[in-house]
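The structure appears below as structure tokens.
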Amino acid sequence: MNRPGPLFLLLFVLATTNARTQFVSSMATDFSVQRNFANQQRYWSIGQTIRGEWHMDALNTAYAWFCYYNRGKFTNNLTAAAKDPATTPSAIEYRNRGAISFSQLSFGWKRYIAGNAFAEEGVNVYGLAGFGLLFGKVLNNHNTGIDTALYEVPVLSGRSKFNRLTLDLGLGVEAPVGGDLFIYGECKSYVPVSTFPNRYLLNDKYTPFPALLTIGVRVLFQ
């Protein structure tokens, strides 16, 4: 007989818990500006996040979000070195124009430090912590054609996909603006905690490593 898997057990726990407790929930969406600080691949881009929240009590909230960002563009001046010392020329200088975009799914916890999720006045302050799965795309264009059979290039030309596990951390401030509507601003980062070699990323260890500023609205459902 097959044993129940982890997903089945998680769904069972959530279902039985929900049968005993009626959670209050929220929906939120925001506009984000991203700055990627990964070495040699720094860029700006914009994006959006859609987030569902389940309030366990006034101070503790479980969340799930999905976000996506448009292409952030950057340029690198690179050198392709000949694999054989007899090859002429021994090196080729070239320019790579790159672009990175990604979407991400994250699950985590939101904890109010000041105020609470149901406050009708004042300013709330909260922290965010969770784990995410990031789905990235990279596009490289070289200004010079290079024979990769003869030269070792730091980064390949073309398109590629990559995935990352991330530790998601953030700090937010929000205020009620009437009824069950809140306006919030957040500072967040998605810190890569996994890596996999990718010849299309010049720095594949910590890419992307973004800092994000967001502004959005949250609607509380009671």
Residues in the stretch 127-149 that are of a type in the set (A, V, I, L, M) and at pLDDT below 95 total 2
**Prompt:** Before we move on, is residue 214 assigned to a strand (DSSP E or B) and surrounded by 14 or more Cβ atoms within 10 Å (Cβ to Cβ)?
**Reply:** yes
Exactly one of 178, 185, 170 is more than 23 Å from residue 204 (Cβ to Cβ) and surrounded by 15 or more Cβ atoms within 10 Å (Cβ to Cβ), and that one is 170
Note on the stretch 191-211: residues over 14 Å from residue 38 (Cβ atoms) and in contact with a Ser or Thr (Cβ under 7 Å, 6 or more places away or on another chain) are 193
Over the stretch 25-65, the set of residues among the polar types (S, T, N, Q) and not in a strand (DSSP E or B) is 39, 40, 41
The condition of being surrounded by fewer than 19 Cβ atoms within 10 Å (Cβ to Cβ) and touching a strand residue (DSSP E or B) at 6+ places or on another chain (Cβ under 9 Å) holds, among 47, 127, 115, only for 127
How many residues of the stretch 132-159 are surrounded by fewer than 14 Cβ atoms within 10 Å (Cβ to Cβ) and either assigned to a strand (DSSP E or B) or on the phi > 0 side of the Ramachandran plot (or both)? The answer is 4
Restricting the stretch 79-114 to residues that are in contact (Cβ under 8 Å) with a residue 12 or more places away in the chain and part of a loop (DSSP other than H, G, I, E, B), the one farthest from residue 222 (Cα to Cα) turns out to be 87
Residues of the stretch 115-126 being out of contact with any His (no Cβ under 7 Å at 6 or more places or on another chain) and either in a loop (DSSP other than H, G, I, E, B) or aromatic (Phe, Trp, Tyr) (or both), in sequence order, are 115, 116, 118, 119, 120, 121, 122, 123, 126
Note on the stretch 183-208: residues assigned to a strand (DSSP E or B) and among the hydrophobic types (A, V, I, L, M, F, W, C) are 183, 187, 191
Scanning the stretch 20-53 residue by residue, the ones that are hydrophobic (A, V, I, L, M, F, W, C), at pLDDT 95 or above and over 30 Å from residue 179 (Cα atoms) total 1
Within the stretch 170-182, of all residues that are assigned to a strand (DSSP E or B) and out of contact with any Lys or Arg (no Cβ under 7 Å at 6 or more places or on another chain), the one nearest to residue 193 (Cα to Cα) is 171
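The values are calculated or read from the model by the stated rules, or taken from the named source; none is laboratory data. All values derive from a computational prediction rather than experimental measurement. Neighbour counts run over all protein chains shown; Cβ positions are idealised from the backbone, glycine included.
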